[in-house]
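Some notes on the structure that comes next.
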Amino acid sequence: MNHLLSIEELSAAEIAGLVNQAVKLKAERGSHASQPLAGQTWALIFTKSSTRTRVSFEVGIRELGGFPMFLSGNDIQLGRGEPIKDTARVLGRMVHGVIIRTFAQQDVVDFAEYSKLPVINALTDDEHPCQILADLLTVQEKLGGWEGRKFAFIGDGFSNMTRSWMWAASILNFELRVASPKSCQPPTDFLANLNSSMVTVCDDPAEAVKGADVINTDVWLSMGQEDQKEKEAEFAGYQLNSTLLAGAAEDHIVLHCLPAYRGKEISEEILEKHADTIFQQAENRLHAQKAVLVSLANSR
């Protein structure tokens, strides 16, 4: 693995390997046998705001012996219109790896091509691969793995989180049901590229949740969509609450990648009931991303 640009590009073996590496790194935290990023500087280029992503990457790089360099969009010439390929070719001669959180998926693809550095997608409008790896780590810790488990995603059916979950289900062969308003469902050409037998889409959240072991949600309006109030209105009835979750499997867990808007996509009661899992999920960003960093360091 030379980059982490999307879940789509990973194999089942690579995903499982990263999750297993994260388990090992989590157990070894504070006493790592080696520091694979020793002497390396990794740039974090963020044009979208962040709490969990920035903190987990900065801490993870330091714990693996490296030095993080945070660069917001306003700190560098990208914010003034410099082409991504020029910034990539400059940083490619100065740093050892790049972590990018931005809008366009093509930007991380182009950066990887022109910089010749290992590049990690820390979120784009198309995918959020680091979050999915942390979520799978959480499922493994809580339920012993994803094999044979039923997953549900309630919310925007074509957000970066949902796309990444659909790719994960297709690659790892677990059942995923996505419940979303019809206007927010994935297009047929996207679904045609998946293992369609593992991913189903509907507009009935109760149908999606029925018998599910893992129920996932996210904000209804992704970053940059906050003014789309007409879209938000379409999600009435898609809240994770006690009534909806009554149909889930008895030992189900609830995931939310945070930040959460209590009273919208998830009720206060359900968030607090599953807070231990949700904040374990947030912590696991650190361990999953360290696993990615180690894998990229070892592949160089």
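Cβ contacts < 9 Å: first residue in the same structural domain as GLN106 (by TED's automatic domain parsing), restricted to segment 5-25; second residue of a type in the set (Asp, Glu) and in a helix (DSSP H, G or I), any location; separation 6+ or different chain. Result?
VAL23/GLU141; LEU25/GLU63
So that you can scan it fast, the table gives a plain yes or no per residue for (1) surrounded by 15 or more Cβ atoms within 10 Å (Cβ to Cβ); (2) of a type in the set (Gly, Ala, Ser); (3) touching a Lys or Arg at 6+ places or on another chain (Cβ under 6 Å):
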position	(1), (2), (3)
GLU175	yes, no, yes
VAL178	yes, no, no
PRO186	yes, no, no
ASP189	no, no, no
LEU194	yes, no, no
VAL199	yes, no, no
ASP203	yes, no, yes
GLU207	no, no, no
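Can you name the number of the only condition in (1) modelled with pLDDT under 95; (2) within 27 Å of GLU265 (Cβ to Cβ) that GLU82 fails?
Failed condition: (2).
Criterion first (within 18 Å of ASN160 (Cα to Cα), modelled with pLDDT of 95 or more, among the β-branched types (Val, Ile, Thr) and not in a strand (DSSP E or B)) does VAL178 satisfy it?
Details: within 18 Å of ASN160 (Cα to Cα): yes; modelled with pLDDT of 95 or more: yes; among the β-branched types (Val, Ile, Thr): yes; not in a strand (DSSP E or B): no.
Judged against the criteria, VAL178 is not a match.
Can you tell me which residues in segment 48-77 are among the β-branched types (Val, Ile, Thr) and crowded, with 18+ Cβ neighbours inside 10 Å?
THR53, ILE61
Just give me the residues in segment 1-15 being surrounded by fewer than 20 Cβ atoms within 10 Å (Cβ to Cβ) and either over 24 Å from GLN105 (Cβ atoms) or among the polar types (S, T, N, Q) (or both), in sequence order. Full working, then the answer.
From segment 1-15, those surrounded by fewer than 20 Cβ atoms within 10 Å (Cβ to Cβ) are 1-2, 8-9, 11-14; that's our starting set.
Of everything in segment 1-15, those that are surrounded by fewer than 20 Cβ atoms within 10 Å (Cβ to Cβ) and either over 24 Å from GLN105 (Cβ atoms) or among the polar types (S, T, N, Q) (or both) turn out to be ASN2, SER11.
Read through the list (1) crowded, with 22+ Cβ neighbours inside 10 Å; (2) part of a helix (DSSP H, G or I); (3) out of contact with any Cys (no Cβ under 7 Å at 6 or more places or on another chain), then give the number of the only condition that VAL219 fails.
It fails just one condition, (2).
What helices (runs of 4 or more DSSP H) completely inside segment 223-300 contain at least 1 residues that are of a type in the set (S, T, N, Q), without any contact (Cβ under 8 Å) to a residue 40 or more places away in the chain and assigned by TED's automatic domain parsing to the domain that holds GLN140?
Fully inside segment 223-300 and qualifying: 242-245.
Do you know which residues across segment 32-85 are part of a strand (DSSP E or B), over 20 Å from GLN131 (Cα atoms) and without any contact (Cβ under 8 Å) to a residue 40 or more places away in the chain?
So the first thing to find is which residues in segment 32-85 are part of a strand (DSSP E or B), and the list is 41-46, 67-72.
Filter once more, keeping what is over 20 Å from GLN131 (Cα atoms): 41, 67, 69, 71-72.
PHE67, MET69, LEU71, SER72, listed by residue number.
Farther than 16 Å from GLN289 by Cα and buried (at least 19 other Cβ atoms within 10 Å of the Cβ), is that true of THR87?
yes
Scanning segment 12-45 for residues that are under 21 Å from THR138 (Cβ atoms) and small (Gly, Ala, Ser), which turns out farthest from the chain's Cα centre (by Cα)?
So the residue we want is GLY30.
Just to verify a result, which residue in segment 180-217, among those that are over 22 Å from the mean Cα position of the chain (by Cα) and acidic (Asp, Glu), is farthest from LEU245 (Cα to Cα)?
By that ranking, first place goes to ASP189.
How many of the residues making up segment 93-139 are farther than 18 Å from LEU18 by Cα, in a loop (DSSP other than H, G, I, E, B) and among the acidic types (Asp, Glu)?
2
The values are calculated or read from the model by the stated rules, or taken from the named source; none is laboratory data. All values derive from a computational prediction rather than experimental measurement. All Cβ positions, glycine included, derive from the backbone under ideal geometry; neighbour counts span all protein chains shown.
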